[in-house]
Amino acid sequence: MEIGQKPMEIANKTEHKLTNQDLSIQVSLNGLSFCILNTDKKTISYLKHFEKDKKLSPFEALDFLKHLFNTETALQSTFNKVHVIYVNELATIVPKPLFDEAHLADYLKFNSKILKSDFIAFDTLEINDSVSVYVPYVNINNYIYDTFGAFTYSHFSSILIDKILQIEKHEEDAKLYINVSKDHFEIVVTNKGKLILYNTFDYSTKEDFIYYILFTIEQLKLNPETIKLMLLGDIEKDSNLYKMLYKYIRHIHFGKRLDTYHYIHKPKSNYSDFVLIQSF
């Protein structure tokens with residue numbers, strides 16, 4: 001299956017009406033984000049984040065999602081395509097030659113706490129011949145299907161890795177990408193356009209943040225004096241996180257999305273919402 005292509009499409013209970021709007025929904029237990037693309041005008045017409053102060057359960061996240069669909073006028077439109085992106089730590093990357101769909105739970109149980117009742121899905125990353133195995137939230141999938149009919153879903157890491165490897169395709173040096181969110185971040189390490197490592201870490205302080213990054217650099221035997229660190233997501237040059245990074249790492253740069261969309265309301269930066277905006 002390609003990124004985002006899932007069996008739920010096959011059932012096709014209801015056909016989407018032909019419109020010029022596609023919707024992407026980013027689902028995290030810390031909040032929800034929405035992006036609407038006008039495909040005719042290649043314009044992002046709606047981009048909005050709804051954060052929560054405390055981590056929700058999947059059931060509370062569904063209630064929050066229903067509330068937003070009932071209260072946000074833009075989300076009550078008709079959409080041609082709907083794509084759901086799951087952001088959680090319940091994911092791992094498996095080389096395709098070692099992948100067996102009969103053993104999905106085995107890939108996750110070594111680095112994620114999963115339940116026997118968890119539904120496990122996977123995305124195929126053709127760009128590097130690997131598979132992302134992860135746990136989506138079935139209750140949210142069911143609600144989206146009941147509301148919109150056929151839709152696609154994928155894991156956040158699948159799109160993140162795919163887009164970074166597209167950027168790094170012809171590069172010769174090593175890069176360390178960090179995609180920053182409010183309470184967690186993803187690390188993607190590449191070398192000569194190949195994926196070396198993907199991981200995600202929770203953090204609550206700037207000390208947590210730098211510890212996991214320096215630990216990764218040490219484990220991979222990289223040099224903080226020479227490695228190029230690329231920042232994505234919710235981080236700015238005057239932030240405490242950036243200042244902490246700058247104490248230990250010499251070459252820090254901000255990344256850039258690959259999109260060429262027009263925007264009714266511009267994103268915070270050229271490197272924010274890296275996955276959400278490029279998920280169409």
Choose one answer from I252, I159, I178: the residue with the largest mean-square fluctuation in a GNM of the chain with alpha-carbon springs under 10 Å.
I252
Which distance in nm do the two modelled labels at I114 and N240 give, with both placed 7 Å along the Cα-to-Cβ direction?
3.6 nm
Pop out the ³J(HN,Hα) list for the stretch 224-239 in order, Karplus 6.51 cos²θ - 1.76 cosθ + 1.60 with θ = phi - 60°, rounded to Hz; leave Gly and Pro as x.
x, 7, 10, 4, 8, 9, 10, 9, 10, x, 9, 8, 10, 5, 8, 7
So how far apart, in nm, are the two label points at T260 and T39 if each is 7 Å from Cα heading toward Cβ?
1.8 nm
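How far, in nm, would the chain grow between D173 and N128 when pulled straight, counting 0.36 nm per residue and subtracting the alpha carbon separation? Don't skip to the end; give the middle numbers.
Working: separation 45, 0.36 × 45 = 16.20 nm, distance 1.73 nm.
So the extension gain works out to 14.5 nm.
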Taking the mean number of other Cβ atoms within 10 Å as a proxy for protection, how do you rank 261-268, 90-97 from highest to lowest?
90-97, 261-268
Pairs of Cα atoms under 8 Å, at least six residues apart: use those to get the relative contact order of the stretch 144-211, whole percent.
22 percent
Greater than 28 Å separation of Cα atoms is the criterion. Which listed pairs, K96/K182; K237/K266; K42/K256; K182/K243, meet it?
K96/K182
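Calculate the dipole size of the stretch 141-280 relative to its Cα centre from +1 charges on Lys and Arg beta carbons and -1 charges on Asp and Glu beta carbons; express the result in debye to the nearest 20.
On the way: 17 positive and 18 negative charges, 87 e Å.
So the dipole magnitude of the stretch 141-280 works out to roughly 420 debye.
Tell me the relative contact order for the chain as a rounded percent, counting alpha carbon contacts under 8 Å between residues six or more apart. Working shown, then result.
Values: 509 pairs, mean separation 53.9, N = 280.
The value is 19 percent.
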Can you show me the helix-derived [θ] at 222 nm for the chain, built from DSSP H runs with n ≥ 4 at -39,500 (n - 2.57) apiece and divided by the number of residues, rounded to the nearest 500.
-7500 deg cm²/dmol
Can you tell me which aspartates and glutamates have their Cα less than 13 Å from the Cα of K109? Leave out same-chain residues fewer than eight positions away.
E89, D118
Rounded to 0.05, the calculated FRET efficiency for the beta carbons of K182 and Y143 at R₀ = 30 Å is 0.75
Spin-label model distance (nm) - N20 vs F215, 7 Å beyond Cα toward Cβ:
5.0 nm
Restricting to the stretch 42-176, compute how many DSSP beta bridges are antiparallel as a %, nearest 5.
70 percent
Please report the antiparallel percentage of DSSP beta bridges with both residues in the chain, rounded to the nearest 5.
65 percent
Find which of N139, F69, S28 sits farthest along the positive direction of the dipole of the stretch 17-154, computed with +1 on the beta-carbon of Lys and Arg, -1 on that of Asp and Glu, about the Cα centre.
F69
Can you return the aspartates and glutamates within cross-link range of K169? Criterion is Cα-Cα under 15 Å, with same-chain partners fewer than 8 residues away left out.
E126, D129
Take every Cα pair under 8 Å in the stretch 11-103 that's 6+ residues apart, average their separations, divide by the length, and report that relative contact order as a whole percent.
35 percent
About the Cα centre, and with charges only on the beta carbon of Lys, Arg (+1) and Asp, Glu (-1), how big is the dipole of the chain? Nearest 20 debye, please.
540 debye
Subtracting the Cα-Cα distance from 0.36 nm times the residue separation, let me have the gained length for N223 to N270 in nm, one decimal.
14.2 nm
Cross-link partners among aspartates and glutamates for K247, C-alpha distance below 17 Å, same-chain residues fewer than 8 apart left out?
E207, D208, E218, E225, E236, D238
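Readers should treat all values here as calculations from the given coordinates under stated rules, not as data from a laboratory. Since this is a predicted model, take the numbers as computed values, not measurements. Don't worry about glycine lacking a Cβ; one is built from the backbone with ideal geometry, like all the others, and counts go over all protein chains shown.
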